[in-house]
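Below is one structure, written out as structure tokens; the observations come after it.
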Amino acid sequence: MSKFHWSLIIFLLLELGLWIMVARGMSSYASPFILIFVYSLFLFAMSMMPGVNFFVKAQNHVASDRVMLTFDDGPHPELTPLTLDILKEKQVKAMFFLIGKNVEAHPELVKRIIAEGHMVGGHTYLHEPAFGFKFGSALDKDIMRAQNLLTDLSGKEEVYFRPPFGVTNPNVAQVIKKRGLQMIGWSLRTYDTAYDFDSLKVQKVITQTKPGDIVLMHERVKSTCEALPELIDGIRKRGMEFGVLSQ
Ligand SMILES: [Zn+2]
């Protein structure tokens, strides 16, 4: 059972207890509704925190003491080739979580990512802000369309998946379980879509990085691409090497 299922059982028992108290005149009608409100807020918070493994058990660290760089939201027509050039020059293997519609638009870039020894994972076909509200066949289709595009390009079943915005909920958990997907989270977030990488930020991320970390970055952010050589050199200077899940 997931942490979500345990929390649901506790919630239902507390609700039952409160309703019994209401029936006996020991509590007001407001209290069971307050609990529903508080539990809903709690679930919403948990849906935004994939690292907690609340709905789905995700892999948030690599098994070794290496550091895995991950790039979300690609492939990007201008920045992906530059990112790949840097990774090749620095001899770093990374993992790319690709959006299905971008894969469809730039299959040659995905082939290059795979040919150069990097790992790929699906990141849904549409990557919509409303991802967290999807369910049933619409959700299944959005996730699996991207997975299947990658499988077609790589020639092997691609099971790695990262949800957009890190959103998880019981619906997402159900698709992951049913389709045998493996969710990959992160342990170090660079917030590169919110704040551009400048030299101060590069130093901060270098200092924060620990062995085994999975670092979340975005392929579509220009400053991330520009900061990459300094970031790689800095992490290496601290005695850490890079690898992907299986290394
Ligand atoms: Zn994304």
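The values are calculated or read from the model by the stated rules, or taken from the named source; none is laboratory data. A quick note: this is a predicted structure, and the numbers were derived from the prediction, not measured. Note: ideal-geometry Cβ built from the backbone for every residue, glycine included; neighbour counts use all protein chains shown. Ligands, DNA and RNA are stripped out before the accessible areas are found, and what is left, the full protein with its side chains, is counted by its heavy atoms. Shrake-Rupley method; radii C 1.70, N 1.55, O 1.52, S 1.80 Å.
Residues in region 102-124 that are open to solvent by less than 10 Å² (accessible area, probe 1.4 Å) and within 15 Å of the ligand (Cβ to nearest atom): 103, 120, 121, 122, 123, 124.
Checked against (1) farther than 22 Å from residue 74 by Cα; (2) touching a strand residue (DSSP E or B) at 6+ places or on another chain (Cβ under 7 Å); (3) surrounded by 17 or more Cβ atoms within 10 Å (Cβ to Cβ), residue 175 meets all criteria but (2). Restricting region 179-226 to residues that are of a type in the set (Phe, Trp, Tyr) and open to solvent by 80 Å² or more (accessible area, probe 1.4 Å), the residue that is modelled with the lowest pLDDT is 195.
Which condition does residue 95 not pass, out of (1) out of contact with any strand residue (DSSP E or B) (no Cβ under 9 Å at 6 or more places or on another chain); (2) assigned by TED's automatic domain parsing to the domain that holds residue 163, if it passes all the others? Every condition holds for residue 95 apart from (1). The set of residues in region 125-159 that are open to solvent by 20 Å² or more (accessible area, probe 1.4 Å) and either within 14 Å of the ligand (Cβ to nearest atom) or outside the structural domain of residue 105 (by TED's automatic domain parsing) (or both) comprises 125, 126, 127, 128, 129, 130, 132. Between 73, 85, the distinction of being modelled with pLDDT of 95 or more, at positive phi and charged (D, E, K, R) belongs to 73 only.
If the requirement is being among the hydroxyl-bearing types (Ser, Thr, Tyr), without any contact (Cβ under 8 Å) to a residue 60 or more places away in the chain and within 15 Å of the ligand (Cβ to nearest atom), which of these qualifies: 207, 193, 168? Steps first, answer last, please.
Numbers: 207 fails: within 15 Å of the ligand (Cβ to nearest atom); 168 fails: without any contact (Cβ under 8 Å) to a residue 60 or more places away in the chain.
Criteria check complete, one pass: 193.
For residues that are outside any helix (DSSP H, G or I) and open to solvent by 100 Å² or more (accessible area, probe 1.4 Å), scanning just region 1-60, find the one that is modelled with the lowest pLDDT. Explain how you work it out, then say what you get.
Start the filter on region 1-60 by keeping residues that are outside any helix (DSSP H, G or I), which leaves 1-2, 24-29, 48-49, 53-60.
With the extra rule that they be open to solvent by 100 Å² or more (accessible area, probe 1.4 Å), the set shrinks to 1, 24, 26, 29, 57.
Details: 1: 85, 24: 94, 26: 93, 29: 92, 57: 90.
My answer is 1.
Could we say that residue 246 is open to solvent by 10 Å² or more (accessible area, probe 1.4 Å) and assigned by TED's automatic domain parsing to the domain that holds residue 122 here? When the stated conditions are applied, residue 246 does not pass them.
Collect the residues in region 80-101 that are within 14 Å of the ligand (Cβ to nearest atom) and open to solvent by less than 40 Å² (accessible area, probe 1.4 Å), keeping them in residue-number order. Before you say what the answer is, go through the steps one by one.
So the first thing to find is which residues in region 80-101 are within 14 Å of the ligand (Cβ to nearest atom), and the list is 95-101.
Result: 95, 96, 97, 98, 99, 100.
Considering only region 61-75, state which residues are surrounded by fewer than 22 Cβ atoms within 10 Å (Cβ to Cβ) and out of contact with any Pro (no Cβ under 6 Å at 6 or more places or on another chain).
Within region 61-75, 61, 63, 64, 66, 73 qualify.
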